[in-house]
Amino acid sequence: MSRPAVQPRPFDPARACALAFLALVLALAPLAPCTDARAQTLDDLRRAYDSQPPDRVESVLQSALRSVPDDPALLLFAGEMRADRGPLPEAESFLRRVLASSGAPPAVRQRAHLELGRTLYERDDPAGAHAQLDSALAGGGELGQAARWYLHLLGLDGSYGDWRTLESEHLRVHVQPGTPVDPEWFLGSREDGLKEIQGFFGAQLPKKIDVYLWRSSEDAQRSGLPPLGFARPSMCLIHARPGQSRGHELAHVAEYWADLAWRPTRLIREGTAAAFDLNAVDRLWFARTVLQRAGVTSVSVEQLWADRGEAPETVIYPVGALLVRRLIDRGGRDRFLAFLPDQSLENAGRVYGDTLTQIIAETERDLAQPAAPAQQDTPEKPSAPAPPS
Ligand SMILES: [Zn+2]
C-alpha cells in the first residue's frame with residue numbers, strides 16, 4: 001500500500017529533534033572511508049526531506065544508498081523516511097538492518113528501536129511495538145523519555161489496565177472508567193461517521209483506528225498528554241474527550257491516508273477536518289458567528305493561507321471549513337483530492353484557476369457581513385468551534 005507523506009507532528013518530541021540528532025551522529029561518529037560522499041549525500045537528504053516533493057527525496061535517497069549502502073546513520077535516516085512516507089515494510093527492514101549492524105553507535109541503535117516501535121504500531125503489531133519501545137526506554141536519556149511518552153500515547157503502558165475496549169469494523173474504542181458517555185453509542189456513532197467520511201476520501205486504512213476516550217481533557221493532560229482531542233493520523237490513533245464533534249479527528253486520519261500531502265498548510269488541513277466534522281451547520285453562518293464573537297470584522301484568506309500557527313483556532317477552523325466546502329462544491333471531489341497533496345496557495349491557483357480568485361473574494365466579502373441574528377438560536381447552533389488536534 002502506498003503511504004502518504006509527512007504531516008506536521010506538533011506533539012512529537014522525538015520527531016522534532018530527528019534531523020538535529022542525525023547531525024549530531026554525523027559529527028560524533030567515526031569517519032567512514034568515503035567521508036565526503038557520505039557527508040554530501042546526507043546533507044542533500046536533509047535539505048530534500050524538508051523542502052522537496054517525494055520523488056525528488058526518493059532520488060536523493062537512492063543515490064545516497066548507492067554511495068554508502070551500509071552506513072548505520074544513513075540506514076536509520078532511510079528507515080525514518082520510509083516510516084513517514086512508506087512503505088512500512090521497507091521502514092521495518094531498514095531499521096532492523098541498523099539493529100543488526102555491529103558498527104551502529106548506541107545512540108543510533110536506541111533511535112532505531114524507537115522508530116521501529118512506532119513503525120510496528122502502525123503495522124498493527126502492538127506487542128512488537130511494546131518490545132522495541134521498552135528497548136529504547138532502557139537506553140535512558142532524551143530518547144528514553146521519548147519512548148516512555150510513546151508507550152503512553154499508544155496505550156501500551158500500564159495506565160490503561162482498567163479501561164474497557166470495544167471493537168467495530170474499523171475502530172477500537174478504549175474507554176476510561178467513569179466516562180459520561182455510553183460506550184456502545186459512541187462506538188456506533190463514530191463507525192457510522194467514519195463510513196460517511198470515507199465515502200468522500202475513499203482511503204484504505206492500514207489498521208483499525210484506536211480511539212482513547214478520556215473522562216476529560218484534564219485527566220489526559222495530568223497523565224502527560226496534550227489537550228484533547230487530537231489525532232495521530234499516521235498511527236490511526238485518536239485521543240478524544242466527551243463532547244467533541246463526531247468527525248473532526250476521524251477526518252484527519254481519513255485525509256492523511258487519502259492523499260500524498262507533502263506540503264500541508266494549517267488552513268487547509270484543519271479546514272478539511274472541520275469541514276468533515278459532521279456537525280449539521282451552515283458553514284457561512286457558523287464562521288460569521290464565531291468571528292463576530294471574537295471581534296474579528298474582516299479576514300484575509302491569503303494571510304490565513306500562509307499561517308503557521310499564529311492565527312487563533314477560532315478563526316482558522318471555521319474559515320478553513322467554509323473555504324474547503326466552497327472548493328469542493330465549486331470544483332468537485334476529484335479536483336479537491338488532486339489539490340490536497342500540495343496545499344499551498346500557489347498550487348490552489350494552478351488547480352482552480354480563476355475559480356479560486358472568485359471563491360476567495362466571495363469568502364472575504366461574505367465574512368465581512370454580520371451573522372444573521374434570526375439563526376443564532378437554532379437547535380443546530382454549535383457551542384464552540386471544532387477542538388484542536
Ligand atoms: Zn484538527
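Please treat every number below as a calculation from the coordinates, not as lab data. These numbers were taken from a predicted model, which means no experiment stands behind them. When we count neighbours, we look across all protein chains shown, and the Cβ atoms used for this are built from the backbone with ideal geometry, even at glycine.
Using 0.36 nm per residue of separation minus the Cα-Cα distance, give me the extension gain between Tyr160 and Arg335 in nm, one decimal.
The Tyr160-Arg335 span can extend by a further 58.7 nm.
Specify the inter-centroid distance of the stretch 209-224 and the stretch 309-352, based on alpha-carbon positions, in whole Å.
That distance is 30 Å.
Which ³J(HN,Hα) values in Hz, rounded to whole numbers, follow from the phi angles of the stretch 120-130 under the Karplus curve 6.51 cos²θ - 1.76 cosθ + 1.60, where θ = phi - 60° and Gly and Pro get x?
Along the stretch 120-130, the couplings run 5, 4, 5, 8, 6, 10, x, 5, x, 4, 4 Hz.
Could you put Trp163, Trp257, Trp185 in order, starting from the residue whose Cβ has the fewest other Cβ atoms within 10 Å?
Working: Trp163 16, Trp257 21, Trp185 9.
Placing the least packed residue first, the sequence is Trp185, Trp163, Trp257.
Fewest first, what order do Val299, Val108 take by the number of other Cβ atoms within 10 Å?
Details: Val299 19, Val108 22.
Ordered from fewest to most neighbouring Cβ atoms within 10 Å, Val299, Val108 come out as Val299, Val108.
Using the 10 angstrom Cβ neighbour count as an exposure proxy, how do Asp70, Asp354 rank, fewest first?
On the way: Asp70 11, Asp354 8.
The order, fewest Cβ neighbours first, is Asp354, Asp70.
Going by average Cβ neighbours within 10 Å, how do the peptides 173-181, 262-270 rank, with the highest at the top?
My ranking of the peptides, most packed first, is 262-270, 173-181.
How high is the relative contact order of the stretch 266-375, given as a whole-number percent (alpha carbon pairs under 8 Å, six or more residues apart)?
On the way: 109 pairs, mean separation 45.7, N = 110.
Answer for the stretch 266-375 is 42 percent.
Which of rounded, prolate, oblate describes the stretch 64-141, given a ≥ b ≥ c as roots of the alpha-carbon gyration tensor eigenvalues and a/c under 1.5 marking rounded, otherwise prolate only if a/b is larger than b/c?
Details: a/c = 2.31, a/b = 1.20, b/c = 1.92.
Note, shape of the stretch 64-141 comes out oblate.
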